[in-house]
Amino acid sequence: MNRTRLLTTMAVLVALGTLGAQFLWFPAGIAKAYPVQHAVNVIAAITLGPLPAVIIAFMIGLIRNLLGLGSLLAFPGGMIGAFLAGFLYQKLGKKGWAAAGEVFGTGVVGALFAVPYAKILMGTTFGAFFFMPSFLVSSVTGAMLGWLVLSRVKQEHLLHNY
């Protein structure tokens with residue numbers, strides 16, 4: 001894939017993840033669930049790979065925070081989930097593994113990483129089990145949405161053009 005096409009695809013996914021968070025969210029325990037972020041992570045991980053997926057997750061979190069529409073917790077969960085989704089898809093070649101990587105990366109590893117992250121950057125002292133339920137709800141719904149979108153793509157060769 002040429003660089004212009006890659007950057008354009010990444011920009012579209014960043015825009016989709018940023019705008020989608022404003023229109024599709026629901027309360028999930030202590031936080032709001034933004035499943036579009038996780039759906040974009042799965043789509044980017046499968047179509048572009050782990051590194052672009054992490055960059056996209058970072059950019060979505062950054063833009064949402066700069067606009068006052070998100071929290072700092074968007075960074076650890078989103079980026080770890082995107083990486084693990086892309087890594088598992090690269091190694092195992094199944095869309096379901098990418099979705100599972102997003103859920104485990106965000107819902108478990110991201111929640112564990114959020115504890116020291118929240119303490120240092122946000123001044124909170126919550127434990128991992130405080131973050132885990134809302135991270136899991138958000139990542140499960142989003143990963144299923146991303147998997148469903150890509151499962152509906154009939155021409156498999158479209159995914160491999162990237």
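The values are calculated or read from the model by the stated rules, or taken from the named source; none is laboratory data. Worth saying up front: this structure is predicted, and the values here are computed from it rather than measured. Methodologically, a virtual Cβ is constructed for each residue, glycine included, from the backbone with ideal geometry; neighbour enumeration extends over all protein chains shown.
For residue 11, state whether it is farther than 17 Å from residue 149 by Cα, over 13 Å from the mean Cα position of the chain (by Cα) and at pLDDT 95 or above.
So residue 11 passes the test.
Of the numbered criteria (1) under 16 Å from residue 102 (Cβ atoms); (2) touching a strand residue (DSSP E or B) at 6+ places or on another chain (Cβ under 7 Å); (3) of a type outside the set (Ser, Thr, Tyr), the one residue 26 fails is (1). When the range 89-106 is filtered for residues that are of a type in the set (Val, Ile, Thr) and in a loop (DSSP other than H, G, I, E, B), nothing remains.
Hey, any hits in the range 75-90 for a residue that's of a type outside the set (Val, Ile, Thr), surrounded by fewer than 18 Cβ atoms within 10 Å (Cβ to Cβ) and either modelled with pLDDT under 90 or more than 22 Å from residue 131 (Cβ to Cβ) (or both)? The answer is yes; a qualifying residue exists. Filtering 29, 93 for residues that are within 14 Å of residue 136 (Cα to Cα), modelled with pLDDT under 95 and surrounded by fewer than 18 Cβ atoms within 10 Å (Cβ to Cβ) leaves a single hit, 29. The helices (runs of 4 or more DSSP H) falling completely within the range 111-162 that include 2 or more residues that are modelled with pLDDT under 65 map to 156-160. Among the residues of the range 121-137, is there at least one that is within 20 Å of residue 26 (Cβ to Cβ), in contact with a strand residue (DSSP E or B) (Cβ under 7 Å, 6 or more places away or on another chain) and buried (at least 24 other Cβ atoms within 10 Å of the Cβ)? No, because not a single residue in the range 121-137 is within 20 Å of residue 26 (Cβ to Cβ), in contact with a strand residue (DSSP E or B) (Cβ under 7 Å, 6 or more places away or on another chain) and buried (at least 24 other Cβ atoms within 10 Å of the Cβ). When the range 1-46 is limited to residues that are touching a residue at least 60 places away in the same chain (Cβ under 8 Å), assigned to a helix (DSSP H, G or I) and of a type in the set (A, V, I, L, M), the one that is nearest to residue 58 (Cα to Cα) turns out to be 40.
Among the criteria (1) in a helix (DSSP H, G or I); (2) in contact with a helix residue (DSSP H, G or I) (Cβ under 7 Å, 6 or more places away or on another chain), the one residue 51 does not fulfil is (2).
For the range 36-60, what are the residues that are among the small types (Gly, Ala, Ser) and surrounded by fewer than 24 Cβ atoms within 10 Å (Cβ to Cβ)?
Listed by number, the list holds a single entry, 49.
Please count how many residues of the range 62-88 are in a loop (DSSP other than H, G, I, E, B) and of a type in the set (S, T, N, Q). Number of matching residues: 1. Within the range 56-85, residues that are closer than 18 Å to residue 9 by Cβ and among the aromatic types (Phe, Trp, Tyr) reach partners that are at pLDDT below 90 and part of a helix (DSSP H, G or I) with beta carbons closer than 9 Å, at six or more positions or on different chains, in the pairs 58/75; 58/78.
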